[in-house]
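To start, the structure under review is shown below, and the notes come after it.
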Amino acid sequence: MTSTQQHRARVVGYAGATGLALAVVFLLAVILIPSAHAQTYTVLHAFEGGDGANPQAGLIEDEAGNFYGTTSSGGEACYYGYYCGTVFKLDHNGVFTTLHVFTGPPADGVFPRSGLVLDAAGNLYGTTYQGGLYDVHGATGGTVFKLDPAGNETVLYNFTGEADGRWPGSLIQDAHGNLFGVTRNGGDPACDGWYGGCGTVFELDAAGNFTTLHTFTGNPDGGYPGGVLVLDAEGNLYGTTMNGGTYEAGTLFKLDPTGAVTILHNFTNRRDGGAPMGSLIRDAAGNFYGTTQQGGYRSRGTLYKLLADGSIVGLHVFQGSWSDEDGADPDAGVIRDQAGNLYGTTYRDGIFGEGMVFKVNVDTHEETVLHSFTGKGDGGHSYGELIHSGGSLYGTTNEGGDRTCNPPTGCGVVFKIKLR
């Protein structure tokens with residue numbers, strides 16, 4: 001189903017090798033945070049329910065400066081009374097368009113919790129967390145979908161919730177049009193009988209053929225992968241699991257084109273962190289950057305750098321409520337600018353307890369708070385990665401904004417932070 005509702009956006013202020021013995025080189029100093037509230041923060045759109053609600057992913061941008069995203073709720077009631085989510089566009093002039101409203105099983109998915117991929121022809125690709133042909137009372141299912149420039153949706157794959165996985169996450173696409181992603185559960189039920197497995201890595205090729213590339217076993221390879229995979233020029237895939245591995249605190253893994261898995265790091269839930277949930281990024285030198293939701297000095301999460309030689313460096317330990325301004329529980333990964341600075345969000349804490357947007361200097365490890373969410377008109381609780389465009393950061397919040405939508409928490413916003 002497609003909606004053409006448009007209105008002007010309101011401006012309101014991530015053969016298995018065993019875990020490697022990797023050196024952990026952590027800098028323990030916690031640098032206190034200079035405030036940077038002089039940054040210009042603008043709400044570009046506040047969700048009202050019918051146009052979508054509660055986005056759990058970040059945005060993507062096309063060459064014309066238009067943004068695209070998903071909402072995990074809102075739209076129409078279609079699934080046991082739940083509102084099933086939308087795909088939206090916010091153009092460079094601020095005009096908001098609902099491109100698709102999800103209608104639920106068996107023909108459609110529900111609850112898109114992940115971001116989108118845009119190809120050169122203007123087609124959008126994404127996943128829904130549940131729904132589709134094999135969904136039975138929310139226990140199985142999920143889909144991979146395509147949305148063409150005219151707003152026509154095609155379900156490319158229906159997950160059965162068994163060996164192929166359950167609850168898919170975000171996608172990446174290679175130069176040949178093949179899609180790669182992970183499922184949070186499903187796969188081998190011997191790993192987790194309650195949820196039917198500890199997750200998978202999959203490929204959906206351009207001809208529509210589905211392949212399970214790896215099935216997680218918990219130990220040594222990890223379990224419950226999340227975030228967006230990283231694909232290198234040799235066809236290797238990199239990602240994280242939020243559990244499993246040597247210390248049951250998650251792993252950072254490499255999956256080569258033959259299907260062999262190498263564990264690049266086993267998280268300990270200590271100084272290096274634990275439960276990495278966000279996406280990875282990789283620089284030209286082969287270093288990885290990411291966040292963990294747990295671990296660190298007070299188990300409020302960490303920001304880390306995994307060097308190409310296998311050592312890991314702690315760039316920031318989140319303090320949460322133990323600090324005047326610092327956040328806690330970063331659910332999303334980070335992005336990196338040309339100068340090497342890292343930007344991201346935390347789901348909780350900050351001044352008002354609603355999370356915040358931060359910048360970390362990779363060289364000095366100094367953190368700057370760019371915005372603390374109030375949970376009111378400016379939004380609250382951000383799950384998705386940021387994007388950087390034209391000297392500004394763009395992202396979404398899961399709550400806040402128009403608090404007449406799903407009162408009292410609100411339905412979330414799309415925001416912009418203009419950097420100096």
Where Glu153 falls short, out of the listed (1) within 18 Å of Gly115 (Cβ to Cβ); (2) within 21 Å of the chain's Cα centre (by Cα): (2)
Conditions (1) touching a strand residue (DSSP E or B) at 6+ places or on another chain (Cβ under 8 Å); (2) within 30 Å of Gly350 (Cβ to Cβ); (3) acidic (Asp, Glu): number failed by Glu203: (2)
Counted residues, region 389-402 - those being part of a loop (DSSP other than H, G, I, E, B) and either under 13 Å from Tyr347 (Cβ atoms) or under 20 Å from the mean Cα position of the chain (by Cα) (or both): 2
Filter pass, Ile263 being β-branched (Val, Ile, Thr), farther than 25 Å from Thr128 by Cβ and not in a loop (DSSP other than H, G, I, E, B): yes
Members of region 174-203 that are within 29 Å of Ala120 (Cα to Cα) and surrounded by fewer than 19 Cβ atoms within 10 Å (Cβ to Cβ): Asp174, Ala175, His176, Gly177, Asn178, Glu203
Any chance Tyr247 is surrounded by fewer than 20 Cβ atoms within 10 Å (Cβ to Cβ) and at pLDDT below 95: no
Failed condition for Phe216, given (1) in contact with a Cys (Cβ under 6 Å, 6 or more places away or on another chain); (2) surrounded by fewer than 24 Cβ atoms within 10 Å (Cβ to Cβ): (2)
Failed criterion for Pro189 (all others in (1) touching a strand residue (DSSP E or B) at 6+ places or on another chain (Cβ under 8 Å); (2) more than 19 Å from His100 (Cα to Cα) hold): (1)
Selection from region 336-359 of residues that are β-branched (Val, Ile, Thr), out of contact with any helix residue (DSSP H, G or I) (no Cβ under 9 Å at 6 or more places or on another chain) and crowded, with 24+ Cβ neighbours inside 10 Å: Thr345, Val357
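The values are calculated or read from the model by the stated rules, or taken from the named source; none is laboratory data. Quantities reported herein were computed from a predicted structural model and do not represent experimental measurements. Glycine gets a Cβ as well: all are built from the backbone with ideal geometry, and neighbour counts include every protein chain shown.
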